[in-house]
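Below: the structure, in structure tokens.
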Amino acid sequence: SVKPTVKPTPTPSSSQDVIKTDFTYEIVGNEITITGCNGTYKNMTIPETIGGKKVTKIADYAFSEYTWLEKVEIPSNVIYIGEAAFNGCTGLKTVTINANVSVINKNTFFGCTQLTSVSLPASLITINDNAFYGCSSIESIKIPKKVTYIASGYVGAFGGCSKLKYITVEDGNTRYDSRDGCYSIIKTDTNTLVQGSGNTSKTVIPDGVKTIGDYAFNGIKGFNSIKIPSSVNSIGAYAFVDCTDLKNIEIPANVTSIGDYAFYNCNSELTITTSKGSYADLYAQAYGIKVTYNDEPSASAAPGASTAPGASTAPTTPTPTPSSETTVTKPAKVRISSARNTGRRTVVVKWRKVSGAKGYLVQYSLKRNFRGKKSKTTTKVNLKINRLKKKKYYYIRVRAFKVVDGKKVYGAWSTVKKVKVKK
């Protein structure tokens, strides 16, 4: 049977270390799932047992927005950490996850902006969407050798980790590697760099890499120049988005594909160095990026370069253009700033404005999977939701939209917020 416990509003604590009796939890058979904690403690060690029953899980959203937390230790008896379990813990600095956890779930440490140290267990297999997104103080991460999946691209596990400098994949990993000490994550079978770093003392993109993946350097700071090796032939969409320190990038002539907005919101002084007439040259001109030329032969004249049947050796203009009339980009992901029960059966949701958005779609439900959801549309950056059920938890999410040719184009959903209607 499941025995839920009420999760009251935390009260200030005189001690810095959480005590066992202040944890809230559910009992499932002979096992305990931690659902939260009373008190604003700084240091937390998840207990091995409560009432003689083994603690095995941390629930979804269990400690979401516990901004006072600074240090967390998760012992080996815990086998599951829920989605967004520590989402928005902006004071959290150190996390130790001991053996037996196999998955870091979606949004688990999303927005933990002061997190500097994370110890991942040898048992880890999966690092899911946005697991460490926006952890802007992390400088180093070690990927255990059993890991077989790391979320990449738009939902990259380490997106927005702006200070990331040292990434190492443990020797023996069969899916990923950090070859030549490059401090990047490379998918071994495709030679795709899926996560880069801002390390300036090493070659971050080693020779042998063929593709720089979508969002690979998303938000990385601290490096102002980078040289792409001649083995690379493709650069993904938004590959260097928000790399605001990046001023110089050298792209070889044999790169024949560069995704949309690969250098969006880089430094205003960004200069691409490449061969005259190469794909990178035409791309730079299409996007209004400054370009300088080296004496490398162009891709069209390079030995072994292929062209379309019947095509001349002159390079063609890249497909992407900077014009919003020919390229439709989705609005950015919404970041919810708060969701609070402010009055009788009422919750007020607030979020950050998304540039270029025409409006916002808000959904709320009593179910985590949003079954039976209700939807509201607004042009504001807040919404008052009325006539809710007392003493119930609600799940809320928001996404932005723009209107193109009379049709709505939606961005990604925000991280889900969980709020209890207490009054």
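When both the stretch 109-152 and the stretch 62-95 are represented by their alpha-carbon centers, they are found 13 Å apart. Using R0 = 35 Å, the C-beta based FRET efficiency linking LYS380 and SER230 works out to 0.10. At a probe radius of 1.4 angstrom, the accessible area of the chain per residue rounds to 47 square angstrom. Among LYS353, LYS407, LYS54, the largest mean-square fluctuation in a Gaussian network model of the chain, built with springs joining Cα atoms closer than 10 Å, belongs to LYS407. In this simple spin-label approximation, GLU48 and LYS367 carry label points 7 Å from Cα along the Cα→Cβ vector, and these lie 4.0 nm apart.
Near LYS54: Cβ cut-off under 14 Å, other residues only, Lys/Arg at +1 and Asp/Glu at -1. The net charge is 0.
Spin-label model, ARG345/LYS202: points 7 Å from Cα along the beta carbon direction are separated by 5.8 nm. Dividing the helix sum by the residues of the chain, where each DSSP H run of 4 or more adds -39500 (n - 2.57), gives a mean residue ellipticity at 222 nm of -500 deg cm²/dmol.
Please check: in the Gaussian network model of the chain (C-alpha springs, under 10 Å), which one of PHE63, PHE401, PHE86 has the largest mean-square fluctuation. Result: PHE401 has the largest fluctuation of those listed.
Relative contact order for the stretch 48-125: 29 percent, from Cα pairs under 8 Å spaced at least 6 residues apart, divided by residue count. Other residues whose C-beta falls under 12 angstrom from the C-beta of ASN98 contribute a net charge of -2, scoring Lys and Arg +1 and Asp and Glu -1. Put simply, when 22-34, 41-53 are sorted by average Cβ atoms within 10 angstrom per residue, most first, you get 22-34, 41-53. In the chain, Cα pairs under 8 Å separated by at least six residues give a relative contact order of 6 percent.
Amide H contacts of THR271 (H built 1.01 Å from N, in plane; Pro and chain starts excluded): ASN248, ILE249 sit under 5 Å, all sequence-distant by 5 or more or on other chains. Please check: in the Gaussian network model of the chain (C-alpha springs, under 10 Å), which one of ALA216, ALA239, ALA284 has the largest mean-square fluctuation. Taking springs between Cα atoms under 10 Å, the residue moving most is ALA284.
The values are calculated or read from the model by the stated rules, or taken from the named source; none is laboratory data. Everything numeric in this text was worked out from a predicted model, so none of it was measured. Cβ atoms come from the backbone with ideal geometry, glycine included; neighbour counts cover every protein chain shown. In case anyone asks, the SASA skips ligands and DNA or RNA and just uses the protein heavy atoms, side chains included. Shrake-Rupley method; radii C 1.70, N 1.55, O 1.52, S 1.80 Å.
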